[in-house]
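Chemist: Dropping a structure here in structure tokens format, bear with me for questions.
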Amino acid sequence: MPGDTLTRLRVVLTAFFALDGFIFAGWVVRIPAIKDQTGASASTLGLALLGVSAGAVVTMILTGRLCRRYGNHQVTVVCAVLLSLSVALPPLTHSALALGTVLLVFGSAYGGINVAFNSAAVDLVAALRRPIMPGFHAAFSLGGMIGAGLGGLVAGHLSPTRHLFGLTLVGLLVTAVAGPTLLRITPPTAAEGEQAQPRAQVPAQAENQQHVPQPEQRKRRPAVRPDARTRRLVAVFGLIALCTAYGEGALADWGALHLQQDLDASPAVAAAGYSCFALAMTVGRLTGSTLLQRLGQTPTVVVGGAIAAAGMLLGSLAPEVWMALLGFAVAGLGLANLFPVAVERAGALAGPTGVATASTLGYGGMLLGPPAIGFMADWFSLPLALTSVALLAAIAAAIGFAIRRTARAS
């Protein structure tokens, strides 16, 4: 496959990652308004928010098979359309039960597109033979930052109904522009990537080679059932993704409410909390490829998890708004590259099945997060409930350290 085709593929995939983050963030910054509209308590809202994660997890189990049958690119475009349409539904509800029902649809589209474009990105990483996965997730975070920032600006001027309908129009427009290009491009293979890029451009560091599997390894990746050891290792990377997604979901669903309810922040400032988190994740992921080349996977996961734990303790327990915003930013910087590393490694080991498994476990963190934090907030307090994010970030760091030799051997 020519290098310019790989470049076009990288651009359109980046657009879909950014769109996903933009739409998701636009929804989460309106959660406080939707909570008031439905009259839900913290625990009831948590159960309703469970719809996003439940829909995502169920769909992720199936999407790996759909990608193998119909193709990563086709599934990405279909799910982008569904995601764009379904984000307009939550403001139309007036009860927690109705909200949870429409969030099942939204979550299904969200989960499907995440497996599909991550699988497509893993194929492109294999073809280019460079650790570019953090760049795609940086686009997701950048889209989230823009979506949250825009949501904060319009929160006092547009109703949730008009705001989220605007997101639908943006999503359909981006899909109409980028979708046809993605559908015309055949998914690349490692061999095509070798033709498009000389071997001399491939980094030579040993740690980097564990992050970017070599061509002979990739040629063994086709639809062969992974052995038991590979499945176990994929599951372990999925646990790292779970701990990370729990933190991302917690800040997305509860960060704005914490700032507004516990620290008396205005709606615009509360929305800025997720913007700070998303900005920090964007910066961390934009520098992620360089970081992985210089440090390797294990130090990136271990140090990142430790930084995220410290930042989230500050963000959840700080008595002032500015300190909480700083903590959210530090947590975002620490979590930035954990999920991309986990998903890419799982995909390198087991293809779309590995991506689907790691993503399903990862978004299982979001499945546990909303109700767990909601119930803990009712039993204790929301700030204390948010410290669970710090605990899981520390666990992710410990897992990364514990499997360092196994991951290197694989």
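Every number in this text was worked out from the coordinates using simple rules, so none of it is lab data. Since we're looking at a predicted model, the values are computed, not measured. Here the Cβ positions follow ideal geometry from the backbone for every residue, glycine too, while neighbour counts run over all protein chains shown.
Chemist: Rg and Dmax of the stretch 98-159 over Cα atoms: what are they, in angstrom?
Modeler: Radius of gyration, then largest Cα-Cα span, for the stretch 98-159: 15.9, 47 Å.
Chemist: Starting from 0.36 nm per residue, how many nanometres of slack lie between residue 81 and residue 153 once their C-alpha separation is accounted for?
Modeler: Here the answer is 23.4 nm.
Chemist: Grab the DSSP H runs of the chain that are 4 residues or longer, score each as -39,500 (n - 2.57), total them, divide by all residues and round the 222 nm result to the nearest 500 deg cm²/dmol.
Modeler: The helix contribution divided over the chain gives -28500 deg cm²/dmol.
Chemist: Mind checking the angle between helix 133-154 and the chain's longest principal axis? C-alpha axes, 0 to 90 degrees, to the nearest 10.
Modeler: 20 degrees
Chemist: Taking a virtual spin label 7 Å from the Cα of residue 320 along the C-beta vector, which residues in the stretch 372-388 bring their backbone nitrogen under 18 Å of it?
Modeler: What the label zone holds, given the 18 Å backbone N cut-off, is no residue at all.
Chemist: Follow-up question, since we're still on this one. For residue 235 and residue 5 in one chain, what is 0.36 nm times their gap in residues minus the Cα-Cα distance, to one decimal in nm?
Modeler: That works out to 79.5 nm of additional length.
Chemist: Turning to a different aspect of this structure: Taking the Cβ of residue 328 as the centre, find all other residues whose Cβ is under 14 Å away and add up their charges (Lys, Arg: +1; Asp, Glu: -1).
Modeler: -4
Chemist: Separate question: Just how many % of Cα pairs in the chain lie over 37 Å apart, if you round to the nearest whole percent?
Modeler: Here the long-distance tail beyond 37 Å is 16 percent of all Cα pairs in the chain.
Chemist: Report the gain in length on full extension from residue 94 to residue 181: 0.36 nm times residue separation, minus Cα-Cα distance, nm rounded to one decimal.
Modeler: Separation in residues times 0.36 nm, less the Cα-Cα distance, equals 27.4 nm.
Chemist: Ranked highest first by the average count of other Cβ atoms within 10 Å around their residues, in what order do 257-268, 55-66 fall?
Modeler: Descending packing order for the listed peptides: 55-66, 257-268.
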